[in-house]
1. Ignoring ligands, DNA and RNA, what accessible area per residue does region 598-693 give at 1.4 Å, in Å²?
2. With each pseudo-label sitting 7 Å past Cα toward Cβ, what's the ALA554-ALA355 distance in nm, one decimal?
3. Taking the convex hull of the Cα atoms, report for region 141-327 its projected area averaged over all directions, in nm².
4. Counting pairs of Cα atoms in the chain, how many percent are more than 51 Å apart?
5. Return the ratio Rg/(2.2 N^0.38 Å) for region 303-349, where Rg is computed over Cα atoms only.
6. Would you mind counting up the charge near LEU448? Only other residues with Cβ under 12 Å from its Cβ, with Lys and Arg at +1 and Asp and Glu at -1.
7. Please work out the Cα convex hull volume for region 359-484 and give it in Å³ per residue.
8. Accessible area, 1.4 Å probe, largest first: how do ARG607, ARG207 sort?
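The values are calculated or read from the model by the stated rules, or taken from the named source; none is laboratory data. These numbers were taken from a predicted model, which means no experiment stands behind them. So basically every Cβ, Gly included, is an ideal-geometry build from the backbone, and we count neighbours across all protein chains shown. These accessible areas exclude ligands, DNA and RNA; they are computed on the full protein's heavy atoms, side chains included. Shrake-Rupley method; radii C 1.70, N 1.55, O 1.52, S 1.80 Å.
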Amino acid sequence: MLHTISVLVPTPAYSRLSTALSYTCDEALPPGTLVRVPLGSRDTLGLVWTPTQDNQPEAAPQALKPIQAVLRGIPPLSPDWLQLIAFAAHYYQRSAGEFAMACLPPSLRDLTPLQWERKLSRLKTSTAAEPVTVEVPTLTPEQTHVLQQLAAQTGPFLLHGNTGSGKTEVYLRRAAQLLAEDEHAQVMFLVPEINLTPQLEARVRQRFAHLGESSIVAMHSGMTPAQRLNSWLAAHFGRARLVLGTRLAVLASMPNLQLIVVDEEHDPSYKQQEGARYSARDLAVYRGQLVGAQVLLGSATPSLESWHHSRDAVQGQAAPRYTRLSMPSRVGDGVLPVLRRVDMNNQPRKTLVSAPLLAAMRERLGKQEQVLVLLNRRGYAPVLHCAECGWKSECPHCSAYRVFHKGDRTLRCHHCSLTQSVPRACPACGNQDIGVIGHGTEKVEELLAELLADMKRPDGSALCIARIDADSTRLKGELVRQLAQVHDGEVDVLVGTQMVAKGHDFRRVSLVAALNPDGALFSADFRAPERLFSLLLQAAGRAGRDAQQGASQACEMWVQTFHPAHPLFEALKRHDFAGFAAQQLQEREEAGLPPFSFQALLRAEARTQAAAQDFLNAAKAMGEERLGPDASRLSIYPAVPMSMQRVANVERAQMLVESYSRKHLQQFLSAWQDDLQQLRAQHKTVLRWAMDVDPLAI
Ligand code: ADP
Ligand code: ZN
Ligand code: ZN
């Protein structure tokens with residue numbers, strides 16, 4: 001008998017949502033089975049899907065093509081996993097086929113059944129683990145209390161713990177408990193970026209060494225296709241007991257998942273910024289509830305969304321979604337750093353490193369302590385400028401200036417990567433004397449080398465001043481190497497972008513300085529203050545983590561600002577995340593912004609700004625018509641140019657859709673898809689369009 005089987009194939013983005021194609025097979029295949037099917041002139045990986053009402057076979061079985069092969073030897077993906085994919089595709093407005101295929105390791109898509117069988121037969125079976133004794137620290141009272149709550153309640157949980165309060169230890173302990181209770185249990189441990197925190201992987205491997213090496217797998221985009229496939233299979237077969245990964249790991253197949261940890265849950269890198277723009281943190285919460293796994297989000301500076309979801313219960317209001325756990329103290333004698341503000345209004349104009357900051361740095365360096373200097377701009381200077389004729393180093397293809405990089409004497413566009421050597425004279429008027437405006441990390445590095453030239457290390461050698469940013473770490477392995485240097489104490493002063501503020505454990509850093517954080521105080525992006533506060537508090541957390549070696553005196557966080565009395569800095573001084581969050585949430589509530597409303601962005605790209613906006617405004621008109629009497633449920637704002645309006649000669653525009661109800665927004669977006677498909681066919685000059693649900697930057 002011939003069975004009709006619905007199969008998800010990698011359909012192009014935004015083709016009719018959740019559409020599966022029908023094929024025939026002489027056996028009934030359960031949903032979740034991986035198959036190869038013909039598609040057009042090729043054959044492709046497919047996933048047997050649950051037939052739905054709106055997905056009836058479009059032709060009689062005789063007219064359907066047969067399934068070419070079934071990938072034997074691999075158990076079908078679980079119904080839970082299929083449900084996760086269906087939900088995520090629907091929520092983020094993508095086709096289920098595209099979403100499902102994007103979640104499978106790339107090389108799985110390319111293997112022929114024969115290669116596949118060979119692969120399976122070669123997979124090493126897990127080696128019996130050696131008994132190992134690992135030393136674990138005695139828990140602090142706060143850690144003990146938090147672990148008791150984790151054992152007693154279901155969650156989801158938000159663990160708000162200061163930097164250095166021992167959150168990671170809590171994650172490891174909870175994981176160890178669950179893994180010990182059930183020999184099949186699996187744990188997912190998500191981190192923003194594995195490359196930035198090589199110590200963490202080492203710590204996890206060491207702690208769970210008794211499970212055997214192959215029981216712990218990593219999953220991130222930096223791995224080779226073969227490594228990714230191996231990790232994925234280990235997780236799918238249940239052999240991997242612990243998966244340590246970045247956002248993409250949230251979609252791994254883990255049949256016995258019992259705990260999902262999302263470390264640094266506030267980190268923007270949990271949101272995918274292209275293709276299906278999912279939030280791994282939000283999907284982690286959904287998945288945990290779907291499969292009954294405990295979800296533990298952790299941060300010293302939680303996202304305001306999560307903070308709001310874990311607010312205290314108020315009578316008459318909906319119950320909070322998350323249980324909040326707190327660990328306010330640092331482990332051991334670790335003291336939180338003292339905030340020092342330099343009022344830049346009282347400093348000579350164009351000061352980059354103020355005299356009081358320099359003096360404090362010299363004092364620390366004199367005691368062989370390390371200094372961390374933050375500036376959120378790489379390169380030497382953001383603009384090259386001719387004072388004679390007013391020429392500036394604009395990028396011909398983007399609405400941005402090309403940045404002057406002194407090291408290799410280039411002008412580089414950070415958006416389209418156009419790189420040219422620095423002109424000897426002004427390209428417009430020939431003036432030989434062209435200058436720079438502003439400053440980047442390269443310049444800070446150079447300036448500090450001058451200002452600290454007279455200082456020596458105990459062995460008489462010069463101080464080591466290093467820079468870590470996207471430029472210095474472009475080569476593979478460079479970042480890890482440079483971070484190791486810092487850890488080993490070879491570096492005295494580290495200059496860097498926000499890249500260095502994340503999660504590292506710089507043992508001897510006792511002074512952290514933010515040279516020019518003011519930009520975010522008055523940004524048009526309503527999330528800028530949240531991000532700045534988080535960056536500064538996290539950066540401050542880099543200082544004084546080492547209780548044993550203890551710095552000579554309380555560590556310091558320095559901020560150079562023209563607005564020293566700004567409430568954000570007042571809250572930072574008190575290390576008062578809760579106070580800062582309350583103030584921000586009140587502003588957001590008054591302005592009707594997330595988390596009190598729900599947003600989606602429709603973006604379009606075209607050769608002209610008008611073409612991009614025309615498409616969006618036509619979509620707005622159709623959307624409003626569709627809403628009809630329900631217009632009050634939703635606001636569709638007019639199309640506007642994106643803040644980076646032109647990149648590589650492509651004009652970009654966006655349009656905001658907002659609602660106080662997530663449900664209404666979701667219903668509208670799903671229905672609107674049809675309009676957008678139709679419009680896209682009419683607006684042929686539109687190169688690309690994309691929907692971003694719960695966008696992080698507007
Ligand atoms: P967080 O993740 O909150 O920043 P960690 O878990 O990394 O904190 O802990 C900070 C430091 O304190 C680490 O070096 C860790 O090994 C150590 N630590 C954590 N818990 C304890 C404890 N109970 N006793 C002693 N040291 C601890
Ligand atoms: Zn000129
Ligand atoms: Zn450019």
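1. 46 Å²
2. About 2.5 nm, to one decimal.
3. 10.9 nm²
4. 16 percent
5. 2.02
6. Net charge in that neighbourhood comes out at -2.
7. Spelled out: Cα convex hull of region 359-484, divided by residues, is 136 Å³.
8. Putting ARG607, ARG207 in descending order of accessible area: ARG607, ARG207.
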